[in-house]
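Written below as structure tokens is the structure these notes are about.
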Amino acid sequence: MYFWEFHGVSKFTVLGSSLAMALALAACGQEASQQQQAAPPPPLVTAITVQSAAVPNIIELPGRIEAIRTAEVRARTDGIVEARLYREGTDVAEGQPLFRIDQRDYRAQVQQAQAALARAEAARVNAASIVRRYQPLVSERAVSAQEFDAAQSTLRQADASVADARAALSRAQLQLSYTIVRAPIAGRVGRAQVTEGALVSATQATPLTQVDQLSPIYAVFTQSSAALSELIQQARSGGLALPDLSHITVRLTLEDGSEYGPTGQLDFAGQTVDPTTGSQQLRARFPNPTRALLPGQFVRAHVNAGTIRNGISVPQRAVQLSNQAASVMVVDAAGTVQARPVTLGGQVGSNWVILSGLKPGEKVITEGWQKVQPGQKVRIGQPGQAGGAQAQGQPGGQPAAGR
């Protein structure tokens, strides 16, 4: 008697169970093999090998536009404004009339001074004739020496009176000239701050308008003293070729993001540090023939502060910007992706200058970094291949843009 017969289990039942178990194990192995064969390959990306080269040291700073010369036009005499002689917001020449103040009182003062001068000159002529008559008589003792001395003293007093009258006339004429308010400099004149009929005062220096010289024009910006000190240290150590102040060029980006055409030159660097901000002032001079730059306008200055001898730059598309921080995706020797924070310098064409965070020889992903994660394996392909591979991965084999 067999064992299975003793326990009431038939031979065929045991054989059927064994066969079912074998078939199940074979199916599981086949399914696992199929899953292993269907695992996707590592994503395809495009990368560049970082190389060191001489790159411009571009420093980006915020700034404001200032007129190269500004003149506040104020009243220099008292009176009523009779007329405004210019058009607001236009260019005026130096010495061009801007306002006319009531002249009647000042014309009368000039005439009065002219009369006083004529009276003094007549007295001088009379005193001079007395001296000429007395002079030959002194030797003949027909006129005493005392009388002759008195005549000479009278002549000298007459000369002084003439000089005083001439000075009074000059002052009266000067006051009359102040009734025509002229532009002290050439430039663009602003809005009139008084109207016809307004009373202006020389003692209160009543403001009338303002003239700004707009071409050339200044762009003024600030940089921290620590950053400037670091710049000087890099130049002293030989890592940075820094030209003279007058050879440092500056380009401007306007508020709307457009680039201002003409290039400026740095012409001033402050020698004092603002104790409240810890910064120093820098200033560049720009041509402004079309008056595109106006005082008070906000700009961003791109200062070409020399050349970094062994600098590193990467394409802008390889840099990820978030929360004022920048990073790139680096592929190590094993083909694994690493996120690397970097410090950005300025922009040179379509590239970012990297101040720190990368070394020559490292591989940086330029295309396809959006579809990979740190720690993931990737394959490096030719430029444009990563985008094509991503498009082929869309359902139906169609590019992503065609869906």
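The values are calculated or read from the model by the stated rules, or taken from the named source; none is laboratory data. Bear in mind that the values here come from a model prediction, so they are computed numbers and not experimental data. Note that we place each Cβ from the backbone using ideal geometry, even for glycine, and neighbour counts take in every protein chain shown.
Entry remark, the range 183-219: residues being charged (D, E, K, R) and not in a loop (DSSP other than H, G, I, E, B) number 2 in total. Only one entry in Arg84, Arg119, Arg132 is outside the structural domain of Leu358 (by TED's automatic domain parsing) and surrounded by 15 or more Cβ atoms within 10 Å (Cβ to Cβ), namely Arg84.
Somewhere in the range 76-91, is a residue hydroxyl-bearing (Ser, Thr, Tyr), within 25 Å of Pro287 (Cα to Cα) and not in a strand (DSSP E or B)? Yes; the residues of the range 76-91 include at least one that is hydroxyl-bearing (Ser, Thr, Tyr), within 25 Å of Pro287 (Cα to Cα) and not in a strand (DSSP E or B).
Residues in the range 310-326: is at least one more than 22 Å from Leu355 (Cα to Cα) and polar (S, T, N, Q)? Among the residues of the range 310-326, not one is more than 22 Å from Leu355 (Cα to Cα) and polar (S, T, N, Q), which makes the answer no. Does Glu230 meet the test of being among the acidic types (Asp, Glu), modelled with pLDDT of 90 or more and out of contact with any Gly (no Cβ under 8 Å at 6 or more places or on another chain)? So Glu230 fails the test. Total residues in the range 256-288 satisfying the condition of being under 18 Å from Thr222 (Cβ atoms) and charged (D, E, K, R): the figure is 4.
For the range 317-329, filtered to residues that are closer than 24 Å to Lys371 by Cβ and assigned to a loop (DSSP other than H, G, I, E, B), the residue that is modelled with the highest pLDDT is Val319. When Phe148 is tested against (1) modelled with pLDDT of 95 or more; (2) over 30 Å from Asp78 (Cα atoms); (3) among the aromatic types (Phe, Trp, Tyr), exactly one condition is not met: (1).
Here Trp352 clears all of (1) buried (at least 22 other Cβ atoms within 10 Å of the Cβ); (2) modelled with pLDDT of 90 or more except the condition numbered (2). Restricted to the range 215-244, and to residues there that are touching a Phe, Trp or Tyr at 6+ places or on another chain (Cβ under 8 Å) and of a type outside the set (Ser, Thr, Tyr), the residue that is nearest to His302 (Cα to Cα) is Ala219. Checking Ala301, Ala333 one by one, the residue that is surrounded by 11 or more Cβ atoms within 10 Å (Cβ to Cβ) and of a type outside the set (Ser, Thr, Tyr) is Ala301 and no other. Kindly indicate whether any position in the range 276-291 is of a type in the set (S, T, N, Q), under 26 Å from Gly381 (Cα atoms) and surrounded by 17 or more Cβ atoms within 10 Å (Cβ to Cβ). No, the range 276-291 contains no residue that is of a type in the set (S, T, N, Q), under 26 Å from Gly381 (Cα atoms) and surrounded by 17 or more Cβ atoms within 10 Å (Cβ to Cβ). Can you work out which of the residues in the range 43-66 that are of a type in the set (S, T, N, Q) and not in a strand (DSSP E or B) is farthest from the chain's Cα centre (by Cα)? Among those residues, the one meeting the criterion is Gln51. In this structure, does Val314 turn out to be modelled with pLDDT of 90 or more and under 25 Å from Thr49 (Cα atoms)? For Val314, the condition - modelled with pLDDT of 90 or more and under 25 Å from Thr49 (Cα atoms) - is met. Any residue at all in the range 74-81 that's modelled with pLDDT of 85 or more, surrounded by fewer than 18 Cβ atoms within 10 Å (Cβ to Cβ) and hydrophobic (A, V, I, L, M, F, W, C)? Yes, that holds for at least one residue. Considering the range 249-285, and only residues there that are charged (D, E, K, R) and free of Cβ contacts under 8 Å to residues at least 24 places away in the same chain, the residue that is nearest to Ala305 (Cα to Cα) turns out to be Asp267.
Is the range 208-224 home to any residue that is in contact with a strand residue (DSSP E or B) (Cβ under 9 Å, 6 or more places away or on another chain), surrounded by fewer than 17 Cβ atoms within 10 Å (Cβ to Cβ), farther than 29 Å from Ala93 by Cβ and of a type outside the set (Val, Ile, Thr)? Checked against the condition, which is being in contact with a strand residue (DSSP E or B) (Cβ under 9 Å, 6 or more places away or on another chain), surrounded by fewer than 17 Cβ atoms within 10 Å (Cβ to Cβ), farther than 29 Å from Ala93 by Cβ and of a type outside the set (Val, Ile, Thr), the range 208-224 yields at least one hit. Each residue in the range 239-275 was checked for being of a type in the set (A, V, I, L, M) and more than 17 Å from the chain's Cα centre (by Cα), and 4 of them qualify. Entry remark, the range 244-268: residues being out of contact with any Lys or Arg (no Cβ under 8 Å at 6 or more places or on another chain) and not in a loop (DSSP other than H, G, I, E, B) number 6 in total.
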